Amino acid sequence: MGKLFATTIANAKPADRDYKLTDGSGLYLLVKPNGRKLWRLNYSHLGKQRTLSFGAWPDVGLADARAQRDDARRMIAAGLDPSHEKKLATAREMISEENSFKIVAEEWLAKNEREDMADVTLAKIRWLLDKAYPKLGNRPIAKITAQEVLAVLRAVEATGRYESARRMRSVLSRVFRYAIATTRAETDPARDLRGALTVPKVKHLAAITTEKGAGELMRAIEGYTGHAITLHALRLSAHLFVRPGELRQAEWSEFDFDRSVWSIPAEKMKMRRPHRVPLSTQAVALFEELHELTGNWRYCFASFRTPRRPMSENTVNAALRVLGFKQGEMTAHGFRAMAATLLNESGLFNPDAIERQLAHMENNGVRRAYTRGEYWEERVRMMQHWSDHLDHLRDGARILKPNFGGRNGI
């Protein structure tokens, strides 16, 4: 019998037993006594006769059955067994359905947690993922399209949070790359969406960067009459210019006052590398005073509510507001910019030594390879010079006594 026609298939009546309507190249329609009409393909693989099912007519039409036959014959020509490949495809489909975006993302988060990613970074990532889960969480990660990811990012952009959308794209991309590495996805649909997002305007953190302004700030700090622990946090923010989170989480066990050095472990650092801070004589004296207040506790800057936790991340900023410095004038992070600007302008120190003391990561890989030195001796001299210079700037005029407006508890 030659090739089948649609009318032949439609008019085929059931008989007492199974019979076949052949279409050529091994494809045939098996007509069952109950009237069902099933597509089959007979083929040979490694000397064994096999049969492959393509589904039932009319769900699978004649053209579709022929297309599946042709695909199967190409596999056979390539030395593959179509039945085995079909089973593999079904298994992959089941795995894909079971590996939702949320399951893979949570697994990736757990991996980062085991690798000691900073708690604050994990919290930020969780916050971003929680915003993506409503639309992507239950979707098989291998089936998520770039259009779906873009819709999630656009929803964040619609709230005006352009920087959050940018960071979310990066986080989603890292989850997809993890899925690829663990053989549960083949592409990263978030990879090329960077150009589709609104570029946020760069917001520089407010900082005082003139010697006159630095002197006024140091005099204002000396006039602070709030909590003594906060006063020491303000003073040491200026003298040490570490990141605010690094300062408030400082532990007494990290200090070697005999050698005048503070060793911050890698897990507390933004760049995940251990960092050493030379302590000037002024800084050591301030810590000695602070030790009288919190020396029996774990944290140098213990919380007012419970000594088992460090002070709030907003404490120093709140104190600056009490001192009369507006958010657009000075922030806790601004002490770093103040030191970096004035030390660089002095011309007394190698810019690489200043960057190393700031614990910045050199973006240029080649340059980073050549600037691995600690510049330790120069940094020791620099930190003492900086404390001496702050004292000089502070003593340039009378101490300012601000009006605290009843907020002395900070």
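Read-outs: derived from the displayed coordinates by stated rules, not from any lab. What you are looking at is a predicted structure, and each value in this text was computed from that prediction instead of being measured. Virtual Cβ from ideal backbone geometry, glycine too; neighbours counted across all protein chains shown.
So what is the relative contact order for region 101-196, in percent, with contacts set as C-alpha pairs under 8 Å and at least six apart? This gives 30 percent for region 101-196. Label separation (residue 266 vs residue 251): 1.7 nm, computed from points 7 Å beyond Cα along the C-beta direction.
For the chain, the longest principal axis of the C-alpha atoms and the axis of helix 376-394 are separated by about 60°.
Compared with the alpha-carbon gap, the fully stretched path from residue 86 to residue 305 is longer by 72.5 nm at 0.36 nm per residue. Approximating the spin labels as points 7 Å out from Cα along Cα→Cβ, the residue 206-to-residue 34 distance works out to 7.8 nm. Karplus-based coupling profile of region 133-148, in residue order and whole Hz: 4, x, 9, 10, x, 8, 7, x, 4, 6, 9, 5, 9, 4, 5, 5, with θ = phi - 60° in 6.51 cos²θ - 1.76 cosθ + 1.60 and x standing for Gly or Pro.
Across the chain, the mean sequence separation of Cα contacts (distance under 8 Å, 6 or more residues apart), normalised by length, yields a relative contact order of 13 percent. Taking every lysine pair in region 6-92 that is 8 or more places apart or spans two chains, those with Cα atoms closer than 16 Å amount to 4. Taking Cα centre as origin and charging only the Cβ of basic (Lys, Arg, +1) and acidic (Asp, Glu, -1) residues, the dipole magnitude of the chain rounds to 2000 debye. When the Gaussian network model of the chain links Cα atoms closer than 10 Å, the mean-square fluctuations of 348, 128, 62 top out at 62.
Across all Cα pairs in region 6-92, the calculated P(r) in 5 Å bins from zero up to the longest distance comes to 3, 14, 25, 23, 17, 11, 6, 2 percent per bin.
Helix 228-240 and the longest principal axis of the Cα set of the chain meet at an angle near 80°.
The helix-only estimate of mean residue ellipticity at 222 nm for the chain, built from DSSP H runs of length n ≥ 4 each weighted as -39500 (n - 2.57), is -15500 deg cm²/dmol after division by the residue total.
Taking 21 Å as the straight-line reach from the Cα of residue 270, the lysines in range (excluding those fewer than 8 positions away in the same chain) are 111, 124, 203.
Of the peptides 139-152, 37-50, the order by per-residue mean of other Cβ atoms within 10 Å, starting with the highest, comes out as 139-152, 37-50. Ordering 376, 39, 227 by Cα displacement along the dipole of the chain toward the positive end leaves 39 in first place; charges were set at the Cβ atoms of Lys, Arg (+1) and Asp, Glu (-1).
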